[in-house]
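**Q** One structure is given below, represented as structure tokens, and several questions about it will come after.
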Amino acid sequence: MDYLKISGTALYTAFFLYLIATIFFGATIKDDKKKQKQGVSGIIGITLTLVGFAAQIVYFVTRWIASGHAPVSNMFEFVTFFGMGLVLAFIIIYFIYKLNILGLFALPLALIVIAYASIFPTDVSPLISSLQSHWLYIHVTTVSIAEAILSISFVAGLMYLIRQIDQSKGSARTFWLEVILFGLFILLGFSVAGGIFKAMDYHAEFQYIEQGNETTVDYQMPAIAGPHDGKLLTQDAMSPWFQAPSWMHGADAGRKFNSVIWSVFVGLVIYLIFRLIARKRVGATIQPLIKKVSPNLLDEVSYRAVAIGFPLFTLGGLVFASIWAQQAWGRFWGWDPKEVWALVTWFFYAAFLHLRLSRGWHGEKSAWLAAGGFAIIMFNLIAVNLILAGLHSYA
């Protein structure tokens with residue numbers, strides 16, 4: 001039995017079902033008088049989400065069987081599992097609050113994350129020695145699910161900001177809200193750019209010298225930023241506009257930096273097209289969709305997600321991580337970029353809870369904090385993995 005093929009089919013099935021579920025959750029917005037129809041749309045939406053999640057579990061199990069280890073060992077597997085965690089977190093919060101409109105925002109985020117994962121190599125490869133431990137699936141899965149739950153806090157907080165901020169005039173609040181939304185377009189831009197060039201089977205090989213040895217690196221996107229002191233070997237491939245900075249150690253870091261540049265560029269193009277069509281800010285376009293949602297309920301959902309996710313992150317991101325680090329590297333703590341930003345994440349959400357519970361930071365203040373926390377999670381997921389070299393680099 002070809003378990004790897006089954007896992008791929010299951011993942012595509014889950015993606016398709018999440019997409020259809022999003023449409024049904026969107027249908028719950030329409031006419032408040034049609035209570036029965038609205039209820040049916042919500043039931044269909046959550047049912048499709050549950051079936052899609054079951055398909056993603058099939059992906060996870062069959063890929064585990066095919067690879068012989070928990071499928072969380074590289075960027076494709078880790079980000080895919082993070083998307084799976086986002087759906088799980090949404091399902092948990094949904095059954096607590098029965099908030100249909102949350103699916104219209106949470107599922108698209110999961111879809112973008114899963115699409116983002118598909119850009120990375122999907123090949124199954126043996127684990128390096130330091131990853132051959134049961135702590136691989138204990139630590140990584142716990143952290144991923146915790147960050148997914150914390151991300152639901154961002155979803156609810158973003159909905160709160162879109163609903164509550166006055167969009168009739170420009171202000172600092174509308175500007176920063178638009179910056180947050182633009183950041184989501186950048187994440188979408190990476191998925192779109194990577195998907196296009198992957199479909200084109202684009203490759204450009206560069207030669208470079210690293211630590212006195214001559215080696216090559218393969219770019220899957222045209223090189224806006226080429227490797228530092230690298231030489232293009234592939235004929236007819238686009239020549240780099242400039243070289244990656246020398247402090248980005250290794251040509252592979254240059255390839256990752258190039259991916260980030262493409263993300264920003266394509267994300268900007270998509271954003272400008274959206275603005276051209278809507279003829280207004282993204283926040284102002286979305287605001288009418290959630291005017292009938294209780295802001296107090298959104299605030300409660302945002303807080304509850306942090307209250308659930310923070311202890312789980314403490315367990316997986318600090319306790320389990322320290323134990324595994326001691327076993328793998330002979331020390332509980334080092335200053336690897338991933339470890340540093342895990343600690344930054346922990347301190348931020350600890351401050352979130354302190355400010356909310358002790359200083360009364362509810363409502364809009366709490367929503368801005370949720371957005372800041374998600375920005376840190378995304379920086380940890382994208383920039384730390386793709387740009388900063390370290391022991392935890394997945395790609």
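**Q** If you place +1 on the Cβ of every Lys and Arg and -1 on the Cβ of every Asp and Glu, how big does the dipole about the Cα centre of the chain come out, in debye to the nearest 20? Could you put the intermediate results ahead of the total?
**A** On the way: 27 positive and 21 negative charges, 401 e Å.
Computed about the Cα centre, the dipole is about 1920 debye.
**Q** Separate question: Specify the angular offset, from 0 to 90 degrees and rounded to the nearest 10, of the alpha carbon long axis of helix 75-97 from the longest principal axis of the alpha carbons in the chain.
**A** 10 degrees
**Q** Stretch Ile57-Ser171 to full length: gain in nm at 0.36 nm per residue minus the Cα-Cα span?
**A** Stretched fully, the Ile57-Ser171 segment lengthens by 36.6 nm.
**Q** With a 1.4 Å probe and all protein chains kept in place, how much accessible area does Tyr3 have, in Å² rounded to the nearest 10?
**A** Accessible surface of Tyr3 is approximately 80 Å².
**Q** Farthest toward the dipole's positive end in the chain, which of Gly372, Leu50, Ile165, given Cβ charges of +1 (Lys, Arg) and -1 (Asp, Glu) about the Cα centre?
**A** Result: Ile165.
**Q** Between Tyr3 and Thr122, what is the label-point separation in nm under the 7 Å Cα-to-beta-carbon projection?
**A** Going by the 7 Å Cα→Cβ label model, 1.7 nm.
**Q** For an R0 of 41 angstrom, estimate the FRET efficiency from the Cβ-Cβ distance between Lys198 and Lys280 and round to the nearest 0.05.
**A** Numbers: r = 33 Å, r/R0 = 0.81.
Efficiency at R0 = 41 Å is approximately 0.75.
**Q** While we're here: Where does region 50-145 land on Rg(C-alpha)/(2.2 N^0.38 Å)? Display every interim value, and only then the final one.
**A** Values: Rg = 14.2 Å, N = 96, 2.2 N^0.38 = 12.5 Å.
Normalised by 2.2 N^0.38 Å, the Cα Rg of region 50-145 equals 1.14.
**Q** Per the Kirkwood formula on distinct C-alpha pairs, the Rh of region 172-283 is how many angstrom? Before the final figure, lay out the partial values.
**A** Numbers: mean 1/r = 0.0652 Å⁻¹.
Computed over Cα pairs of region 172-283, the Kirkwood hydrodynamic radius comes out at 15.3 Å.
**Q** Given a Förster radius of 51 Å and the C-beta distance between Phe16 and Met238 as r, what FRET efficiency does 1/(1 + (r/R0)^6) yield to the nearest 0.05? Write down the numbers at each step before the final one.
**A** Working: r = 33 Å, r/R0 = 0.65.
My answer for the efficiency is 0.95.
**Q** Grab the DSSP H runs of the chain that are 4 residues or longer, score each as -39,500 (n - 2.57), total them, divide by all residues and round the 222 nm result to the nearest 500 deg cm²/dmol. Don't jump to the answer; show the numbers that get you there.
**A** Details: 12 runs with 257 residues, N = 395.
Using -39500 (n - 2.57) per qualifying helix, the result is -22500 deg cm²/dmol.
**Q** Taking all protein chains in place and a 1.4 Å probe, what share, in percent, of the accessible surface of the chain do carbon and sulfur account for? Don't jump to the answer; show the numbers that get you there.
**A** On the way: 11940 of 18230 Å².
Reported share for carbon and sulfur atoms: 66 percent.
**Q** For Asn74, list long-range residues whose amide hydrogen, built 1.01 Å from N in the peptide plane, is under 5 Å from its own amide hydrogen.
**A** Under 5 Å from the amide H of Asn74: no residue qualifies.
**Q** Let me ask something additional. Please list the non-local residues whose amide H lies under 5 Å from the amide H of Thr234, H modeled 1.01 Å from N, same-chain partners needing a gap of 5 or more.
**A** Glu205
**Q** Sticking with this one: Keeping all protein chains in position, work out how much accessible area Ser171 exposes to a 1.4 Å probe, and write it in Å² to the nearest 10.
**A** Answer for Ser171: close to 50 Å² accessible.
**Q** Regarding the chain, what's the average projected area of the Cα-atom convex hull, expressed in nm²? Write down the numbers at each step before the final one.
**A** Details: hull surface 85.3 nm².
Spelled out: convex hull of the Cα atoms, projected over all directions, averaged, 21.3 nm².
**Q** Another question, if that's okay. Considering the convex hull of the alpha carbon atoms of region 338-388, report its projected area averaged over all viewing directions, in nm², one decimal. Working shown, then result.
**A** Numbers: hull surface 12.9 nm².
Averaged projected hull area, Cα only: 3.2 nm².
**Q** Let me ask something else about it. Of Lys98/Lys292; Lys256/Lys338; Lys198/Lys338; Lys169/Lys280, which sit over 18 Å apart, Cα to Cα? Walk me through the intermediate numbers first.
**A** Numbers: Lys98/Lys292 15 Å; Lys256/Lys338 16 Å; Lys198/Lys338 28 Å; Lys169/Lys280 11 Å.
The pairs that break the limit, which is 18 Å between Cα atoms, are Lys198/Lys338.
**Q** Quick check: with the 1.4 Å probe, what order do Arg275, Arg255 take by accessible area, largest first? Working shown, then result.
**A** Details: Arg275 80, Arg255 50 Å².
Correct descending sequence by accessible area is Arg275, Arg255.
**Q** Could you tell me how many degrees, from 0 to 90 and to the nearest 10, lie between the Cα long axis of helix 3-27 and the main elongation axis, the longest principal axis, of the Cα atoms of the chain?
**A** 30 degrees
**Q** May I pose another question? Just to verify a number: what accessible area does Leu88 come out at with the full protein assembly present, 1.4 Å probe, Å² rounded to tens?
**A** Surface accessible to solvent at Leu88 totals approximately 50 Å².
**Q** State in Å² the accessible area per residue of the chain; use a 1.4 Å probe, count heavy atoms of protein chains only, and round to the nearest integer. It would help to have the intermediate numbers written out before the result.
**A** Details: 18230 Å² over 395 residues.
About 46 Å² of surface per residue is accessible.
The values are calculated or read from the model by the stated rules, or taken from the named source; none is laboratory data. The shown structure was predicted, so the numbers you read here are calculated from the model rather than taken from an experiment. Reconstructed Cβ throughout: ideal geometry from the backbone, glycine too, with neighbour counts over all protein chains shown. When the accessible area is computed, the model is the full protein with side chains, heavy atoms only, and any ligands, DNA or RNA have been set aside. Shrake-Rupley method; radii C 1.70, N 1.55, O 1.52, S 1.80 Å.
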